[in-house]
Amino acid sequence: MHFHRVDLLMCTLRLHGTLVALAAAMFLGAGSLMASDPDRVDERVRELLGRMTVAEKIGQMTQVNGAGGSIPDELAEAVKTGRIGSILNEVDVDTVNRLQRLAVEESPNGIPLLMGRDVIHGFKTVLPIPLGQAATWNPDLVRRGARVAALEAASAGVNWSFAPMIDVTRDPRWGRIAESFGEDPLLHSVFGVAMIEGFQGEHLSEHGSIAACAKHFAGYGASESGRDYNTTNIPENELRNVYLPPFKASVDAGVATIMASFSDLDGVPASANAFLFRQILREEWGFEGFVVSDWASIEQLSIHGLTANDRESAHAAVTAGVNMEMATSTYADHLPGLLQAGEVDLELIDEMVAPILRTKLEMGLFENPYTDPESFPAMSNPDHLAVARELAEQSIVLLKNDDRVLPLDREKLTSLAVIGPLADDGYEQLGTWIFDGDETISQTPLQALREFLGESVSIRHLRGLETTRSRDTAEFEKAVSAATESDAVLVFVGEESILSGEAHSRADIGLPGAQLDLLRRLGETGKPVITVIMAGRPLTLGETADATDALLFAWHPGTMAGPAITNVLFGVEAPSGKLPVTFPRMVGQVPIYYAHKNTGKPATPETFRHIDDIPARMPQTSSGFVSSHLDAGYTPLYPFGFGLSYTEFEYSDIRLSDERVPMGESITVTATVQNVGEVEAEEVVQLYVRDPAANVTRPVRELKGFERVRLRPGERREVSFELTAADLAFYGRDMRLTTEPGSFHVWVGGDSNADLRATFTLSE
Ligand code: BGC
């Protein structure tokens, strides 16, 4: 009943445009009738669907690219006539509000627009790339970072972020690994949910909340050879056990939308994959939000070779359950004809449109379609910068620290050489996907070092190389002299932003250009060389590590790179980041990841023989038949979960609440961790599990829990993890989620090689 009042009101408003704002405000004042009231939403959706024309319905299924601060006549007309449900990439507040006004006040049913944007790791304030955020192993901080991003984006009129990207990937060649949380399903689930909570807040309709989008459904991270957009072939068992769990967790956390992947999954590109959207997402998981295609991914179905033309593509995507088309117009162009020909029925269209309307209602967009930047905290205010700094600080992973060259002691330093193409580049420290990032507010390492050290330390700064890819060594001599004249050398190298991200895959993941040569030349001075790497992916760092005394991996840290790195270098905060992805020795080892299967012939130190140790003409049978590479071995350079500190942590006394646990009861695993060094620091305590005999082979280890603890020198803490049958469940041969009785091993430690083990038995 109440909603009829809204409709009547809306009709009146359309007739008397100038009274709109006043009347709407009065109506809003009436309170409690709002369509975002959960009990009313479905009724309101049905009622709207009952009044919309077919063209308006297809309009809701259509998303177009914005014009960047203007509204061309064609766009205005399309919005006014209800031919568009969403616009992406429009972040000019006035333009957003004008567009919303056209939709709300002039379109036939006054349906507001979803304004989408890739808010991947911050907005104006740039946070570390998601892979860096994952290295914090701190979901609460990631949630706070996403809230900062949401507030800044919402103040610009964005109400929908195309994040988080929760594509598990085990291929550092893939440029989009930068946008991911690494190689592990649990990390993706935990951080994906944290980001969703940060974006969406307690409720979607809250001031400052924006809708999240879990992407890309599904399997994109398995692109063959890490080449972007490439084919993926993922057996269903692996899909369900590895690639889908983060999406399930996101759906359970109430993610508003899901994006289809560009990729071809076992011969059926995701945007036409009914198994993914109908069977798994809707039937098995009960997802009630909506699915958006990726950019032109419906049109691309014919390029994949699945369909013969756009008409067939529109048919394939809509029947598979893709609710909204991004950027291209196969739905707008062909759904009317498909309906007329009876190849698609109106029921299907209503089914596709309903969740889009429901999302808009739940977001409170009907009541609050406009943005008032004044009602938000200022962009990049000190609180936002503090969160960005904390995230960057906790993301930094210490990979090597010979002779405890770090932390540097400012009292003992008189001079410092600061070298490298990334030492003072406010743009390159930001990483990929920074459409709205502001490089002018970046605080670079050089600036932060100058500020931290003041006049007491003289800093000699040289780029050494123009970019990370440069091969021109002309400045090397000067860099070497600067190093020779200084007490210590800080080198900032890695990858420029453009070397990772979408469509920026690499086949060689070594340090680009002549950066390794630069490091070696600096090392010849005999001065302590400390290398800080900024990059969008794991790199093959064996030779780099050899050429330097200390190695910090900082990912692309964002706006606050400088203060974060400086704090870690000088021990204001001890490094506490842990790798969310394995670092290979050589690219030929890829994919190499900690949760691999054991194989029938696993290598061991006793059985493996390196290529250099094999005498000429050795008989084929004389070395072990084990799973390894003759030249690279079978271990990575740095394992998953790894990261050093300025102190050491000792693990002991692993205990179980019980050694036999009946199915359905939980078990508690406890271990003691002690800070046995001299500085206060944080450690990420990790729990791994193995099911050694199961209906399908299971990984040698799987991360099942983690906790960040802060310990003073000498302090010890008991850390407990609870494991339930659900934590031990997996998809077996029948593709059902089951927990099998039997024995399980558990390990607790500071990385995926943890050796403190216990075993329990789960009984029927
Ligand atoms: C990417 C998506 C992104 C979209 C919109 C596509 O190319 O794959 O992740 O959200 O563009 O910018």
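The condition (being more than 13 Å from the ligand (Cβ to nearest atom), more than 30 Å from A694 (Cβ to Cβ) and open to solvent by less than 20 Å² (accessible area, probe 1.4 Å)) is satisfied by just one residue among G175, G145, G226: G145. Of the residues contained in region 126-133, one or more are found to be away from the ligand (no atom under 14 Å from the Cβ), out of contact with any Phe, Trp or Tyr (no Cβ under 7 Å at 6 or more places or on another chain), open to solvent by less than 10 Å² (accessible area, probe 1.4 Å) and at pLDDT 95 or above. Every condition in (1) within 30 Å of I298 (Cβ to Cβ); (2) open to solvent by 20 Å² or more (accessible area, probe 1.4 Å) holds for N381 except the one numbered (1). Any residue in region 310-317 that is more than 16 Å from the ligand (Cβ to nearest atom), surrounded by fewer than 22 Cβ atoms within 10 Å (Cβ to Cβ) and under 30 Å from H203 (Cβ atoms)? Within region 310-317 (the criterion being more than 16 Å from the ligand (Cβ to nearest atom), surrounded by fewer than 22 Cβ atoms within 10 Å (Cβ to Cβ) and under 30 Å from H203 (Cβ atoms)), the answer is no, since none of the residues qualifies.
Against the numbered list (1) in a strand (DSSP E or B); (2) under 30 Å from I280 (Cα atoms); (3) open to solvent by less than 50 Å² (accessible area, probe 1.4 Å), E740 comes up short only at (1). Among residues belonging to region 196-211 that are aliphatic (A, V, I, L, M) and touching a residue at least 60 places away in the same chain (Cβ under 8 Å), point out the one that is most open to solvent (accessible area, probe 1.4 Å). Filtering first and then ranking leaves L204.
Going by what's in this entry, would V190 be described as more than 14 Å from the ligand (Cβ to nearest atom), closer than 19 Å to Y243 by Cβ and open to solvent by 10 Å² or more (accessible area, probe 1.4 Å)? Taking the combined requirement at face value, the residue satisfies it.
Number of residues in region 206-223 that are part of a loop (DSSP other than H, G, I, E, B) and either within 16 Å of the ligand (Cβ to nearest atom) or within 26 Å of Y731 (Cα to Cα) (or both): the value is 5. Test A274 against the criterion of being over 16 Å from the mean Cα position of the chain (by Cα) and away from the ligand (no atom under 16 Å from the Cβ), and give yes or no. The answer is yes for A274. Here is a check on your reading of the model: is R147 more than 11 Å from the chain's Cα centre (by Cα), among the basic types (K, R) and in a helix (DSSP H, G or I)? For R147, the condition - more than 11 Å from the chain's Cα centre (by Cα), among the basic types (K, R) and in a helix (DSSP H, G or I) - is met. For region 470-477, state whether one or more residues are among the hydrophobic types (A, V, I, L, M, F, W, C), open to solvent by 40 Å² or more (accessible area, probe 1.4 Å) and not in a strand (DSSP E or B). Yes, some residue in region 470-477 is among the hydrophobic types (A, V, I, L, M, F, W, C), open to solvent by 40 Å² or more (accessible area, probe 1.4 Å) and not in a strand (DSSP E or B). Checking A163 against (1) buried (at least 24 other Cβ atoms within 10 Å of the Cβ); (2) under 19 Å from V126 (Cα atoms); (3) more than 15 Å from the ligand (Cβ to nearest atom), which single condition isn't satisfied? Result: A163 fails condition (3) only. Filter region 419-439 for residues that are surrounded by 23 or more Cβ atoms within 10 Å (Cβ to Cβ) and not in a loop (DSSP other than H, G, I, E, B) and give the result. Selection gives I419 alone. Looking at region 390-409, can you tell me whether even one residue there is in contact with a His (Cβ under 6 Å, 6 or more places away or on another chain) and buried (at least 18 other Cβ atoms within 10 Å of the Cβ)? No: region 390-409 contains no residue that is in contact with a His (Cβ under 6 Å, 6 or more places away or on another chain) and buried (at least 18 other Cβ atoms within 10 Å of the Cβ).
Which condition number in (1) at pLDDT 95 or above; (2) assigned to a loop (DSSP other than H, G, I, E, B); (3) open to solvent by 50 Å² or more (accessible area, probe 1.4 Å); (4) on the phi > 0 side of the Ramachandran plot is the one that D653 fails? Condition (2) is where D653 drops out. Pick out the one residue from D402, D372 that is of a type in the set (D, E, K, R), out of contact with any Leu (no Cβ under 7 Å at 6 or more places or on another chain) and under 29 Å from L151 (Cα atoms). Just one listed residue meets the conditions, D372. Restricting attention to region 600-631, report how many residues are over 30 Å from F706 (Cα atoms), of a type outside the set (G, A, S) and assigned to a loop (DSSP other than H, G, I, E, B). Of the residues in that region, 15 qualify.
The residues listed here are A378, A392, A386; of these, the one that is among the small types (G, A, S) and in a loop (DSSP other than H, G, I, E, B) is A378. Out of K578, K597, one residue alone is in a loop (DSSP other than H, G, I, E, B) and either open to solvent by less than 40 Å² (accessible area, probe 1.4 Å) or in contact with a Leu (Cβ under 8 Å, 6 or more places away or on another chain) (or both). It is K578.
The values are calculated or read from the model by the stated rules, or taken from the named source; none is laboratory data. These figures come from a predicted structure and were not determined experimentally. Backbone-built Cβ (ideal geometry, glycine too); neighbour counts: all protein chains shown. Calculation scope for accessible area: heavy atoms of the full protein, side chains included, ligands and nucleic acids excluded. Shrake-Rupley method; radii C 1.70, N 1.55, O 1.52, S 1.80 Å.
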